[in-house]
1. Could you list, ordered by first residue, the pairs with Cβ atoms under 7 Å in which the first is in the stretch 33-57 and on the phi < 0 side of the Ramachandran plot and the second is polar (S, T, N, Q) and not in a helix (DSSP H, G or I), at least 6 apart or interchain?
2. Please give the number of the condition residue 115 fails out of (1) closer than 30 Å to residue 57 by Cα; (2) without any contact (Cβ under 8 Å) to a residue 24 or more places away in the chain; (3) touching an Asp or Glu at 6+ places or on another chain (Cβ under 8 Å).
3. Please state which one of 117, 127, 149, 144 is more than 18 Å from the chain's Cα centre (by Cα), of a type in the set (A, V, I, L, M) and surrounded by 17 or more Cβ atoms within 10 Å (Cβ to Cβ).
4. Within the group 105, 127, which residue is in contact with a Cys (Cβ under 8 Å, 6 or more places away or on another chain) and either assigned to a loop (DSSP other than H, G, I, E, B) or among the aliphatic types (A, V, I, L, M) (or both)?
5. Is at least one residue of the stretch 102-114 closer than 23 Å to residue 184 by Cβ, surrounded by 19 or more Cβ atoms within 10 Å (Cβ to Cβ) and either outside the structural domain of residue 81 (by TED's automatic domain parsing) or β-branched (Val, Ile, Thr) (or both)?
6. Does residue 76 count as out of contact with any helix residue (DSSP H, G or I) (no Cβ under 7 Å at 6 or more places or on another chain), of a type in the set (A, V, I, L, M, F, W, C) and either in a helix (DSSP H, G or I) or within 29 Å of residue 187 (Cα to Cα) (or both)?
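The values are calculated or read from the model by the stated rules, or taken from the named source; none is laboratory data. Small disclaimer: the values here were computed from a predicted structure and weren't measured. In this analysis, Cβ positions are derived from the backbone assuming ideal geometry, glycine residues included, and neighbour counts consider all displayed protein chains.
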Amino acid sequence: MIKKITIAFFLLIAACFLLNGCHWFGSPFKHGKKTKQLKAEGLYKQGVSFATSKHYDKAIEVFNKALEIDPEYENAYWGRGVARAMQGRLEQAIADYDKALELNACHAWAYYNRGCAWRDKGDTDKAIDNFTRHLEISPRDAKAYSNRAYAWANKGDLHKALADAKMACSLEPDNEIYQFSVKKFNAMINKKTGRTKE
């Protein structure tokens, strides 16, 4: 598909030059950049497919190729970060998320996955900060509330943990994991305060 698009593009450029220049199309360099972006996007989609099927080495290889074509393609950095995180290479994953966010400060999933990486490294404060940044962009993401709930619990703030767990449950009321979290944090608070019910 990408090859066909590329061939068609060059045929259009050639025809344009034959018909008194390329004024209608604008600068050919802009179209060259667009073609690079299309190629990088195609490779990114391949990388996601490999990562989804747990072929992480192959996914990273394809994401690298996408970045060779377009070094400013933030999704490729994010995708490579996810694949590296799944391999336990958390420092490299965080570096990739950092780069994705440097290129696009509103990349919600880079914040989310960086939060997961910091959580797995044991830095609860950075995990909470990243989950919070993610939720500022995607305020209806139940997974992020659930992850932040457990991060708050790790810090010992059970009331904030319960609030986030309830928010996750309100967004996905049929999710049994979120329902369990609400019951769990309620029980922990009750035990701590010596009450049998909230």
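1. Close Cβ pairs satisfying both conditions: 56/87.
2. Unmet condition: (2).
3. From the options 117, 127, 149, 144, the qualifying one is 149.
4. Just one listed residue meets the conditions, 127.
5. yes
6. Here the answer is no, as residue 76 does not meet what is asked.
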